[in-house]
Each structure stands twice: as structure tokens, then as C-alpha cells.
Amino acid sequence: MMDFKPVKSVDANVSNEHQRNWSNELFERKAKNPDHNYDRSRTALNFQVGPGGVITAVDKSRRIGDRVEEIIKKHLRPDARVTAFSNRAVMVVFGGNCERMREMAFGSQVLNDYEETNGHLIRQPEIEQWAKNIYGFVCREFGEENVASFIVHLDETGPHAHCVFVPLTADGRLCSKEVIGGKNKIEAQQYMRDLHTRLAEVNRKYGLDRGDDIHETGARHRSTAEYNRDLHRENAKLETLISDKSGQLGRLEEQIKKAETRVKGLMTMIANLER
């Protein structure tokens, strides 16, 4: 999975979300919100990939938005036109099959769902290698000098990576449409298909297969909150179905017992007649 979102700015809330730069009170509020799935006992396992593919702990000393502005100031062409409507950054989420991503992150270690009791977990090398490969993919496609942040979250249901880069063109202009698309919708769609094909080459070694084209399936990206709400609804439907089936099973078992009693009576009758 690779989901792009051009933005006019990276505000403090987004930066704090990516960096997990939260107070204890906010962490507790997040944990109580049914639309979120944060496991604070795994937050220490989050990490970032920086220049040269170096893995370190998440740097919270500077906001991502400040890094974006620093890149723009350093690499933007002096005569380039930038307006309030210009997209100054592009946020990308990279992920994949939840079970496979967990396997890469935690191996065979026991992961307790919906409980903050996972302090025993040790981050596995495979998830780090995957992150370095995805970081390399981003650098090749959009330029390492334009990457403001690349953070991997292991404290949510499915491990994933958040990348923020500045959409600077080769000649130093700020233009997200040109960097991640084309002159028109058709060109943009073809570019994205080709980009996903190149990403699939990176992910293949990790057993992450390319998904079906959304233009063919009609699928749409869902936020974590939307996914959780849909999951709760599906669970409720399944629980109702299980309850209904349990009732049917109970009635069938009662009918079987009655039938067995009748068969026993008939067998006794036959034995008497034979005598």
C-alpha cells in the first residue's frame, strides 16, 4: 500500500502524531478513543530512517513542518513562484498485509492485541531492512534532499511508515502536481500505476504482493479511524450471525436428541416383536 496526500503545510498536530510527541494526558486520551489503536508499550519500538539510510530513534527536537520549510528555503529556486495555495509537502503512507508486517516487525514473539502489555517485544531486523529499502525507493523517486521525515510506527495494529517530502522539481520549483502526477488526470493515473509497479519490485522480496488496481476494484483508502469503525461494524454483524447460528444449532441438537429417543424406542419395539 502506498497512499499520497499533498498538503499546503504540515501542522503541529500532524508532526506530533508522526513523532508521537504527546504528553501523558494526550496518550491516555488517545488510548481511550475507540477510533484509535495506539499501544503505548510499543511506542519505544518506533524508529526513523535518515540520510544514508541510517536508522535512529525518532527525533522530536524539530517539528516536521520546520524541516519542510528548511528544505524549501535551501533548494527552492530564487525566482520560483510560491503562493498560499501551493502544496508545500506530500505525505505518504507505506504499508502492507497486517499479518506479514507484524511478522517482519516482531517475528514469532507473542503480541497481545488491545492491551498495553507488549513491553517485552524486541524490534526485528527485517522491518528495519524493509524501511531502509522503502526509504531508498523514496530517495530515488523524489530526491533524498527533499525528504523531511521518514518514520516507522510499530505501535498500531498494522506496522507502517510515514514519509513527508517536499515536491520540488528538478529545476527547483515547488509543484506537487508535476512531481507526483502529470499534465492531466490520465498522465497522473499512468504515473501512479508505474510508481506502484516500481514499489512492487522493492516489496517482492518481503512477500508483499502488489494489490489490484483501484480503478478496477473501486476500492478506496480508509483512515485508521474509518477502518476501525468499519471493523467494529463487521464484528457486530458477525457476533449477531454467530448468535443466530448458535440458536439454530441449539434447536437442531434438541431435534437430534428427540430423534435419538424415537429411534431407541423403535429399536426396543423391533426387538420385542422379534422375540
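Any read-out appearing in this document is the output of simple, stated calculations on the displayed coordinates, not a laboratory observation. Just so we're clear, the structure is a prediction, and the values are computed from it rather than from any experiment. All Cβ positions, even for glycine, are placed from backbone atoms using ideal geometry, and neighbour counts span all protein chains on display.
Summary of values
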quantity: Förster radius 45 Å - calculated FRET efficiency between SER61 and ILE242, Cβ distance, rounded to 0.05; calculated: 0.35
quantity: In the stretch 158-197, the trypsin sites (Lys or Arg not before Pro) that fall in loop regions by DSSP, at most 10 other Cβ within 10 Å; calculated: LYS183
quantity: The stretch 2-221, relative contact order [Cα under 8 Å, separation at least 6], %; calculated: 26
quantity: Partner lysines for LYS73 [C-alpha distance under 17 Å; skip if fewer than 8 residues away on the same chain]; calculated: LYS8
quantity: Partners for LYS237 among lysines (Cα-Cα distance below 18 Å; same-chain residues under 8 apart left out); calculated: LYS245
quantity: The stretch 1-151 - convex hull of the alpha-carbon atoms, volume per residue in Å³; calculated: 133
quantity: J(HN,Hα) series, the stretch 65-76, from Karplus relation 6.51 cos²θ - 1.76 cosθ + 1.60, nearest Hz, glycine and proline x; calculated: x, 5, 5, 4, 5, 5, 5, 4, 4, 7, 10, 6
quantity: Solvent-free Debye scattering, log10 I(q)/I(0), computed from the Cα coordinates of the chain at q = 0.07 Å⁻¹; calculated: -0.37
quantity: Given charges at beta-carbon only (K, R positive; D, E negative), |dipole| of the chain in Debye; calculated: 320
